[in-house]
Each structure stands twice: as C-alpha cells, then as structure tokens.
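Written out below as structure tokens is the structure these notes cover.
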Amino acid sequence: MMHLLPPIKLTTQKNRQSFIGLLFLLTIGCAFSTNAQQPVRFVLTNAKHEAIPFASFKVSAVPDSSVRMQKLSDSTGTVTFNLTVGSVYKINISSVNYLPLEKTITLKDGQTVFNFTAETATKTLGAVVVTSSRPLMRQEDDKTIVEPEQIAASSTNAYEIMEKTPGLFVDQDGNIYLSSTTPATIYINGREQKMSTADIATLLKSLPPSAIASIEILRTPSAKYDASGSGGIVNIVLKKGVKIGLTGSVYTGIQQGKYGNQTVGVNVNNNNGQLTTYINLNYARRNSYEQLTTDRFFASDSTLNQNAFTKYTATNYYVGFGVNYQFNKKWEASYDGRFSYNDFANTSNTISISKQISTNNAASNSVADVSNKGNNYNLSQSINTKYKIDSLGSEWTTDFSYTHSPSSTNQAYVNNSYLPLNPTGYGDGTIKPNLNYFSAQTNLAWKLPQKFTVETGVKTTHVDFDNSSEYYRQSGGVIVKDVARTSAYQYNETINSAYLQASKTFFGFTLKSGVRMENTNMNGRQTVPADTSFKINRTDFFPYVYFSKGLMKIAGYELRGYLVYRRTISRPAYEYLNPFPRYIDPFLYESGNPSLRPQFTQNYEFNVSVDERPIFAIGINNTKDIFTQVIYPVNGDPKYSYRTYDNLGSNKETYFRVLGAIPPGKRYFFVIGGQYNHNLYTGLYNNKPLSFDKGSWTIFTYQTFKITQLTQLALQGFARFNGQQQFYELTSFGALSLSLNQQFFKRKMTVTLSANDLFFTNNNHFTINQGSINAAGYREGDTRRYGLNIRYNFGIRKKEEQKNIFNVDFPDKTS
C-alpha cells in the first residue's frame, strides 16, 4: 500500500540538493540518525479520570513552529507521537464539550507518557464540529492503516471499498493482492475468515460501507499473527460503539451499470457512561454480469471456442450489533455479533463450438444453460475482554468467537447438442455446504522499563466443514440419480499455536524478534461415492525479525527505515484436495489433488516511511513447493480438460514499491504510486519443464480538489501493465473513478455522485501457454457504474473530520 510523501518545498538550490541526496540515500538504503527519537504517549482524561476519546492533539516544536504534527486520540483518549529527546514542544488539545488545553513540555530521555486533564465547558455546546485532519493511510509499527471514510462515500458495500483503496488489487475472482502475486488472507476484526474466495467476496458485498472503521494492511505480519499469510493480511476492522454520546446516520444509494444495485441502511451508536452499544442495519440488492470468451487450441489446426455469459442477482439483509461495558479503569468486556442473509439467483449460458481453423468448418456445436438459485447466511459472534495492567500500555486480552455459515443451492442444467444432433440432456441437483468455525485466543503485551516489550499468546482454531451434493438426470424419459455428480464429504481442521516475541528500543533503533509455533491437524473424508480419507499432522516453526531506525530529518519530517523478515505457510483447503470431479461444462471439469503439499515462503522487505507514511519499499518472496491452479488434458485429449491444483516447483518474486506526491495546496491534493513485480517460476508443468519469467507494473493515483468548503471532487484510478494471474498473461487494463461530494444542512447531509470505471477499461484479454495448454480469451464484468449516495448524520453530540485526507498540515511560514 502506497502512502503520501508530505509536502517538501524545493524553493532553493540547497533544498534541491538535499532532496537529491535523500533519494540517493533511499536507493542505497543506508543512512545514520542524527537525532534520538522515542515514541511518546499522550493520555487525555476528565476530572473523573474518564478517558476523553477523539480529541484533537496538535504538537509543534519550540522555537521552530513550522514543525507541526496533528492527530486524533483513539477511543481510550490516547495518541502517540515520535518526538526528539531534549526538544521543547507546545501541545494544543481540543475536544467537544471541554475547554481548550495548551501545555509546553521538555522531553527527557525515558519519558514516554504524559497525562492531561481537561475541564468541562461551563455550558453545553450546540452543533459543535470538531475539525481535525485524518490521514487516508498511515504506518503504525508493522502495519498500514487505511481510514476508508472518503472512499465509503461513493461505495455501496465493503467489497467496493477494497476495489477503490489505493494499492490494493482485487481480481475478477475476488482475490485481494498486496505486494505479492499470492492473494492476501482476509481477517474481520482480527479473525481469519475460513471460507472460500467466492464466499468471502459474498460476505464483503453484504457489509455496508458505513460498518468499516478502518482497514489494516500487514504485508509481513509479526509472530502474533497466523503464519498462513504469505500474501499478507488485510484486516477489516468494523465499527463498534463510539464513546461520543448518541450518534448515528441513515443512508441510501443506487448504482447503475448494465444492471442496477440499491442499498439503504441505518446505524446508531450510544454511550451511557460505562455502557456502549451499537446497531447497524442494511438492506441491499445487487445485480451484475460477467462475460468470458475463450479459444483453446487443442491441435495444430483445431480450436474450441467458448462464449459464456453469467448474470448474478442477489438480495442481502445485514445486522451488526454489540455492547461494550467498562467495569472500571482496568477491566472491560464486549460482545459483537453479525448476521447476514443472502438470496441469490445466477444464470449462465455457454456456447461451445469446435472447428477446423484452415477451413472454418464446425465439428461440434453445443449450448449449456445452468441456473443456480439458493440462499446462505452467516452468523458470527465474539466475546472479548481486556485488562489494562499499567499506565505504560501493558494489557491482557482474551477473545472467543464462533461463526456458523450454511448454504443451500438448487442447480438445474440443460445441455443442447446441435452438431452432432443429440437428445437434449436435463439434470438438477442440490448443493448444501455447511461451515462451523471456532476460535479462542489470549494475548499478553507487557511493557517493561527501558522501552522493552514482551508479547506472548496462545490460540486454537477448529473448522468443521461438510458438503453434500445430490444430482439427478433424465435418461430415456426416466429420472435417475446422477452418480457422476453426486458426492458427500466431511472435513475438519484444528490448528494450535503459540508465539513469543519481544521488542526493544535503544539509541534510535527498534528491534522486534519472535517465533510462532503451529500444530496442524487436518482430517478429510469423502463418503460418497467412495472413501478418499486423508490425514495431515505436522508442527512447524515460523521466525520473525523486525528492525526499525530513524534515518534522518528533512523539512521537519522524520525518515525512518524498516527491515522485516518472516517465514509463512499456505495450506491447501479441502476443495484443493478432494479428488471427486465437479462438472463445469461439457469440455471441462475440476477436481482436487490429494497429494498436494503446503507451500512455504520466506519474506524479506526493506521500506522507508516519512512521518508514518511509507514511500519506498523493496522485497523478495522465495516460495518452495508452490501450488497453483493448473489445467491438464483428459486422457491425453487436449479437447477435454480438467482443472486442478498442483505443486509446480519454486518461485522467486521480487517487487519494488514507491510513492510520491506533488506538494499540495490547501484545496488540491495529488498522489501517485507504482509497484513493479517480477516472478520467476521453475519446475514442472504436466511433466514438462516449466520456466515462467514475467514482470508487470501497477500504478495508481488518488486526487481531491476542494471546490468550496462544502464541495469536493475526488478521483481514484489504477492501471496494470502486462499483468499476470497465476500462469495467465494479461493485457494492460485499469479503471478511473470520479466522485463529487456535496454537504448540506450544516454538514449533516452528504450527497455523493459517482462514476466507477468511467471509460470501461477494467477488462482484459488473456493468454496461457504452459504444458499442453494453449488458450486465449477475453473477460469483462459490470464494472462501469454511475451512482448516487445520500447520508444524513444525526446525534446529540456530533463529530466530523476535515476532508484533508492525507493529514497535511501547512506551516505558517514559507521556507
């Protein structure tokens, strides 16, 4: 994920030379610190020693007031700044219903916490707006945090927010990518979603955009996190009760492409002293399509052309609810629940024609129609507790969660063969997958003197998954059981883990190191049509090292370098292992590979940030026993193929990521980022030597222009050049989206007009030529959409953030 470089004014030759020198130092990756800095926490409470959340903190150096920083405190009234030891700072604090506070401090070595007490205003403030800048992205230790409020204004669900977040790439199957060409693991509220990519995409499309508080990006997660994140982790943090009185909003939105989407919802937060509650309700209808055209060359003069058109329709209901109770200054507990119900009806039509290329004569012509109708729901519940051990930030947290996600699909198909002329084939079936997921974990973060922190914890997760598919077909006018498609299997997985890591800050350095142990137990059993049981029991260790150091200061901003290493694992899901064939069309089926091995990746990354905003990174991912989706011919006949997963060998991926910005004015912001990925695969594909060498570029931009104080224009866009998806080579593609945001009624109402994929360029041609597979095609979806979103905020106490999304604070003096 790219982040903004704060404005650097190159108004003199000396400054220009300094900037050129900086770029050189970034390139060679070595610099030395001239100022010792340390993280300092400010805590704001009232006269009753109650935390005051979401206060605005402004920190300026004395006497150089051009060096200024600004942040909002969190829900505990705490905010952290990196300050220079021995320097003098002026602290300005403001919050709703409290008198402004101004203090001057001199930072001494070892001082890490300052406590402030705010006095209540003598009379109630009406219609007060707290104005503070919140960055779109910021770096916090080893993770990037995205504040999605701006993007949410032009989105109808969480999936669209993922698509629009700069630096994230979402492919047409719903996989989310960070730095690597391996998909990221998706978490919600710190819990991994043990579901397929399609199910996770459905879940994200059911989440209203207003439900998301932040998005955490972890490209190289620490030992605290599960080791199954070789592609990184995207953690979607949902909003809970915000401790600012009674607040809420109602919203509605429509989007129109070839088909239309509609959504309406309401969310309410209430804080009554120690008790905080919230509820979020949403209703949505989604309609979209996908068109896929493929030409497969199965002989020197023969080709199979397939044209598939699929329409997706769904109706979704979502409820999020929760409660948080603070027993005293030390203990608090919370309950969170989410329920979503989804009705869907998908229809597809596939035309398949095989012909001789030289004569253009058709050898076969068939049409397959498939209809899927059904429903699924997802019920997720969690209970967690937090114990604050001391004022240094030590805490003990415990979390229990349970997810129940069953589904039922009725599928009907009709196969018509016109050349040669054969009787029409009919069939139908019922598919019923059922997922149960339980997780329990406890973590201790112990802050010790001398800037030493120890973290440890244990975790256990258990997955129960079963699926039954029962099909019937028409044969000679009689309905008989279709044994070729009927199946039933059960799968359970238990992973027990523990970790220990420690961090220490000394002489401007921060070193964090740890190790995670994971014991994996997988047990799968297919009962219909035959027993294909398997068991996997193994224990693995995953080391982690994190090194951080301040490099230098330029224009008042600190440059900091980070060096990170971790070992990760990717385990095959059961659908990757189950060998039972699953019908796709008359020429293609898919099946799992029971001999599939897990893949292990060594991750290395060096990156540089400016004032908590990453601007440069270079990394290497070395993967062994890499498994990916492949296509093989059936019994040596390339006309008929099956899709499966296989270990192909090794892969070395090198990536380079950079972001820069034109120093913005007060009304206009411009940022652009780019990433280069180079992959080298070596191994075997269909018993033939594999050598796949591919490099691709991705660039993105985010721009805003404040037309008036109440009107703002925003632009988001990305482009990918010579991309790839596994072994498919893609042509260049991208998307440009615009939104116009207007506020009314003292900023309580916001109306947003949006245009997504304005030029309809988010589609691509693809080719694959590996082993005996030689194919080319084209893929598009219902991506160009025009929308209207309306949101009205209400509440006894109101908080709004200034739309300075990159947290740029302009000095009073020019350099």
**Asked** In this structure, does residue 224 turn out to be out of contact with any Pro (no Cβ under 6 Å at 6 or more places or on another chain), closer than 20 Å to residue 201 by Cβ and in a loop (DSSP other than H, G, I, E, B)?
**Response** no
**Request:** Looking only at the stretch 777-794, count how many residues are open to solvent by 40 Å² or more (accessible area, probe 1.4 Å), part of a strand (DSSP E or B) and touching a Gly at 6+ places or on another chain (Cβ under 9 Å).
**Result:** 6
**Prompt:** Would a scan of the stretch 184-199 turn up a residue that is of a type in the set (Val, Ile, Thr), in a helix (DSSP H, G or I) and under 12 Å from the mean Cα position of the chain (by Cα)?
**Reply:** no
**Request:** Please go through the stretch 444-490 and pick out each residue that is farther than 27 Å from residue 507 by Cβ and among the β-branched types (Val, Ile, Thr).
**Result:** 458, 460, 461, 463, 478, 479, 480, 483, 486
**Prompt:** Is it true that residue 346 is over 32 Å from the mean Cα position of the chain (by Cα) and polar (S, T, N, Q)?
**Reply:** no
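Rundown of residues vs (1) modelled with pLDDT under 80; (2) assigned to a loop (DSSP other than H, G, I, E, B); (3) polar (S, T, N, Q); (4) in contact with a strand residue (DSSP E or B) (Cβ under 6 Å, 6 or more places away or on another chain), yes/no style:
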| position | (1), (2), (3), (4) |
| --- | --- |
| 86 | yes, yes, no, no |
| 92 | no, no, yes, yes |
| 102 | no, no, no, yes |
| 109 | yes, yes, no, no |
| 161 | no, no, no, no |
**Request:** Test residue 322 against the stated conditions and say whether it is at pLDDT below 95, under 30 Å from residue 400 (Cβ atoms) and out of contact with any Ser or Thr (no Cβ under 9 Å at 6 or more places or on another chain).
**Result:** no
**Prompt:** Under the condition of being open to solvent by 70 Å² or more (accessible area, probe 1.4 Å) and in contact (Cβ under 8 Å) with a residue 24 or more places away in the chain, which residue from the stretch 688-706 is farthest from residue 731 (Cα to Cα)?
**Reply:** 705
**Residue, most open to solvent (accessible area, probe 1.4 Å), within the stretch 488-501, restricted to residues that are of a type in the set (Gly, Ala, Ser) and at pLDDT 95 or above** = 498
**Prompt:** For the subset of the stretch 506-544 comprising residues that are closer than 26 Å to residue 567 by Cα and small (Gly, Ala, Ser), which member is surrounded by the most Cβ atoms within 10 Å (Cβ to Cβ)?
**Reply:** 514
**Asked** Restricting attention to the stretch 68-84, which residues are open to solvent by less than 50 Å² (accessible area, probe 1.4 Å) and either among the β-branched types (Val, Ile, Thr) or in a loop (DSSP other than H, G, I, E, B) (or both)?
**Response** 73, 76, 77, 78, 79, 84
**Request:** Might you check whether a residue that is touching a Leu at 6+ places or on another chain (Cβ under 9 Å) and within 20 Å of residue 173 (Cα to Cα) occurs anywhere in the stretch 244-267?
**Result:** no
**Asked** Are any residues in the stretch 696-743 under 22 Å from the mean Cα position of the chain (by Cα) and not in a strand (DSSP E or B), and if so, which ones?
**Response** 723, 726
**Counted residues, the stretch 721-776 - those being open to solvent by less than 20 Å² (accessible area, probe 1.4 Å) and of a type in the set (Asp, Glu)** = 1
**Request:** May I ask you to say which residue of 275, 218, 246, 207 is closer than 20 Å to residue 339 by Cα and either free of Cβ contacts under 8 Å to residues at least 12 places away in the same chain or not acidic (Asp, Glu) (or both)?
**Result:** 207
**Fill in**
Selection from the stretch 396-406 of residues free of Cβ contacts under 8 Å to residues at least 60 places away in the same chain and open to solvent by less than 60 Å² (accessible area, probe 1.4 Å) yields 397, 398, 404, 406
**Item:** Number of positions in the stretch 384-393 that are within 28 Å of the chain's Cα centre (by Cα) and at pLDDT below 95
**Value:** 3
**Request:** Please tell me if residue 315 is under 30 Å from residue 448 (Cβ atoms) and at pLDDT 95 or above.
**Result:** no
**Prompt:** Inside the stretch 474-487, can you point out the residues that are under 24 Å from residue 575 (Cα atoms), modelled with pLDDT under 90 and assigned to a strand (DSSP E or B)?
**Reply:** 487
**Asked** Which of the residues belonging to the stretch 144-159 are part of a loop (DSSP other than H, G, I, E, B) and not small (Gly, Ala, Ser)?
**Response** 147, 148, 156, 157
**Message:** Anything in the stretch 448-485 that is of a type in the set (Asp, Glu) and open to solvent by less than 50 Å² (accessible area, probe 1.4 Å)? List them, or say none.
**Reply:** 455, 482
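The values are calculated or read from the model by the stated rules, or taken from the named source; none is laboratory data. Quick caveat, the model's predicted, so the values are computed rather than measured. When we count neighbours, we look across all protein chains shown, and the Cβ atoms used for this are built from the backbone with ideal geometry, even at glycine. Ligands, DNA and RNA are excluded from the accessible area calculation, which covers all protein heavy atoms including side chains. Shrake-Rupley method; radii C 1.70, N 1.55, O 1.52, S 1.80 Å.
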